[in-house]
Amino acid sequence: MELPAAKFPAIRCQNPQYIPSVPGQKVPSISTCKTNYIWTRVQSRKLNRHSKISVCANLPDGENIETFESKNRKNKSWIHFIGIGGCGLSALAMLALKKGYEVSGSDIVWSSYMDALKVAGAHLYIGHSELNLGKGSFSGSPDAIVISSAIPPDNVEILHAKTLGIPVYKRGVWLGKITEDYNLIAVSGSHGKSTTTSMLAYVLKAMGDDLTAVIGAHVPQFSGGNVIHGNSHNFVLEADEYDACFLELSPHVAVVTNVDWEHVDIFQDEEAVKTAFRRFIGKIRIGGHLIVCGDRYDQNPGAYSLLSHPKQVSSISEHNMELCAAHIHSKNYRVTTYGMLGYNEWRASSVCFNSQGGCDYKLYHKGHSVAEISLRIPGVHNVLNSLAVVATISSIFGDERQFYESIDVVRFHLNKFKGVYRRFEMIGKVHECHIFDDYAHHPTEVRAVVQTARQMFPSKELLVVFQPHTYSRLAALKSEFASAFVHANQVLITEIYAARETNVWSISGMELAMSIIGPPCEFIPCLDDVVDKLALWVSVDPVRPLVILTLGAGDITNVGRKLLQKLKQTLP
């Protein structure tokens, strides 16, 4: 079954080593080397450093990350992370451990990310206290404090660190400093960052690049979960717009998958989001590259709106737009577009589901058929994510001819990528009931995942359980959420997962349940009651073809697993 084009934004150094050109050297074809293909083309190449990020004001005078790391190698420096249980800061803590630092950290509750940190040797504390800065086997006090965006400035550990003269860095500043001497490939976008970043890092690693990568989600195929620590000068990073973290970066290659009004607690409206992304692409180093989803729809221009001269591009006939879009330049960096529409430099067509549970499509470059791509992960949004990966790797090679020689290698490794934790994750199956879980918590993401589920299982009943995430998001986007479930047969809405907020909007999940357009909807605030209700429904007719899809960024992820366990205990 061919899938329709998505009507939503694309979902979801010193002596730098880039991927390159070695004249006369032929890349092995997939038939001669299917797995550990080594990038023999990697060589040192000087890049323009004109836009190098400046030293942060709260570093000690004359010290940057390079001198800090040099000092660490001699004295085993100690870094303390406040908010270490989150996916973002836990990844930085793990990277610090792999680089040889002593690491400690605190958070208000234990998280699964902390399990791996404990095994790796981090000293972890539940609760915030000034005593955490003087505990453990370390002598003295930490050499640096790194804090997540969720930590308030009056946190007791931050205040104590300042009295001791310990430099305190927000996550974004720390990321900017530790990546400034790498070839930074920063993947941004309102949706799909984690999948695109992990897919890109996986393919590059599989092709032989000993890169470093930090992703804001768990990737089952990475031994480090959400971190890869390597020795090349390439650094692949999920660049988060939350709290303007990505504005501290200075990438060689920047990817923008889409632009949408997300993080409504940070951005007043969609125009504020666009402004932040424009500032981000303004951070691209001279001679760098912008990879951007070029699909433009009347109701949602998405990332296309970031291009320097969109009016000039849109005024050209569709027949000639692919030539124009393929040669858009800014004064400082090259621009490459990808998407489903014909004018993009990299384009996918004839998208359909395959027997692996993913999608197949035909890949085009500048209007010419290049390859047939087969993915293990489903949905048009993931086709777009894979196009971003292809376009990025092509930009790294720099030489079209060489990339064409290697496209079969890229194609092979794209097919081996199995996805990211909580992205249309199969939880299990009992009789004819399939249970899936997804992190979707924004209307665009919900619509894309529900549509994907319907296309994958056109003849099965689709029951969606959604837990709204944060009061501010539901208050701002309730009408968009109301129409996001149209492809479901039945919807259950739970109470809102508060996360970092208090309910100053006086809003409840019941208000969303009452506004849902299309399928019947019921409000069940407690997750345990949801499990009981679902178990009863399935037990009444266990052979009924049914798909249960749990959605949300909170503890809704536990519902599918509890339901699966309960069904296995009660059904023969």
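The values are calculated or read from the model by the stated rules, or taken from the named source; none is laboratory data. The model shown is predicted, which means the values in this text are computed figures rather than measured ones. Here the Cβ positions follow ideal geometry from the backbone for every residue, glycine too, while neighbour counts run over all protein chains shown. The area values use the complete protein model at the heavy-atom level, side chains included, leaving out ligands, DNA and RNA. Shrake-Rupley method; radii C 1.70, N 1.55, O 1.52, S 1.80 Å.
Ranked by the mean number of other Cβ atoms within 10 Å per residue, highest first, peptides 392-398, 452-458 order as 392-398, 452-458. Measure off, as a whole percent, the carbon and sulfur share of the 1.4 Å-probe accessible area of the range 394-530, all protein chains present. The C+S portion of the solvent-accessible surface of the range 394-530 is 51 percent. The spacing between the range 452-488 and the range 493-513, judged by their C-alpha centroids, is 16 Å. Taking the convex hull of the alpha carbon positions in the range 409-484 and averaging its projected area over all directions gives 6.8 nm².
Peptides 150-161, 340-351, 189-200: what's the order by average Cβ count within 10 Å, highest mean first? Don't jump to the answer; show the numbers that get you there.
Working: 150-161: 16.1, 340-351: 21.2, 189-200: 29.3.
Highest to lowest by the protection proxy: 189-200, 340-351, 150-161.
The label-point distance for Gln565 and Asp541, in a model that sets each label 7 Å from Cα toward Cβ, rounds to 2.9 nm. Placing a pseudo-label 7 Å from each Cα along the Cα-to-Cβ vector at Ile266 and Asp408 gives an inter-label distance of 4.3 nm.
Given their separation in residues at 0.36 nm each and the Cα-Cα distance between them, Ser112 and Gln356 gain 84.9 nm when the chain is fully extended.
Taking the charge dipole of the range 399-485 about its Cα centre, with +1 at Lys and Arg Cβ atoms and -1 at Asp and Glu Cβ atoms, the residue from Gln455, Gly428, Phe403 reaching farthest to the positive side is Gly428.
Can you give the extra length, in nm with one decimal, that the chain gains between Arg376 and Phe457 once fully stretched, where that is 0.36 nm per residue apart less the Cα-Cα distance?
Working: separation 81, 0.36 × 81 = 29.16 nm, distance 1.59 nm.
In short, 27.6 nm is gained.
In Å², and per residue, what accessible area does the range 438-572 have when probed at 1.4 Å with the other protein chains present? Numbers along the way, then the final one.
Working: 5400 Å² over 135 residues.
Counting only protein heavy atoms, the per-residue value for the range 438-572 is 40 Å².
Rolling a 1.4 Å probe across the protein heavy atoms gives the range 164-225 an accessible surface of 20 Å² per residue. Legend: calculated FRET efficiency, Ser223 to Lys429, from the Cβ-Cβ distance at R0 = 35 Å, rounded to 0.05, equals 0.80.
Applying 1/(1 + (r/R0)^6) with r as the Cβ-Cβ distance of Glu501 and Ser369 and R0 = 56 angstrom yields a FRET efficiency of 0.70.
Ile284 contributes an accessible area of around 10 Å² to the protein surface, as traced by a 1.4 Å probe with all chains present. Rounded to the nearest 10 square angstrom, Ile166 shows an accessible area of 10 square angstrom against a 1.4 Å probe. Charging the Cβ of each Asp and Glu at -1 and of each Lys and Arg at +1, and nothing else, the dipole of the range 367-483 about its Cα centre rounds to 300 debye. In this view, the solvent-accessible surface of Lys429, computed with a 1.4 Å probe and all protein chains in place, comes to about 100 Å². Shown are Ser90, Ser515, whose ranking by accessible area with a 1.4 Å probe and every protein chain present, most to least, is Ser515, Ser90.
So if R0 is 22 Å, what FRET efficiency would Asp243 and Lys162 give, r being the distance between their Cβ atoms, rounded to the nearest 0.05? Walk me through the intermediate numbers first.
On the way: r = 20 Å, r/R0 = 0.90.
The formula returns an efficiency of 0.65 here.
Reducing the range 236-260 and the range 359-423 to their Cα centroids gives an inter-centroid distance of 21 Å.
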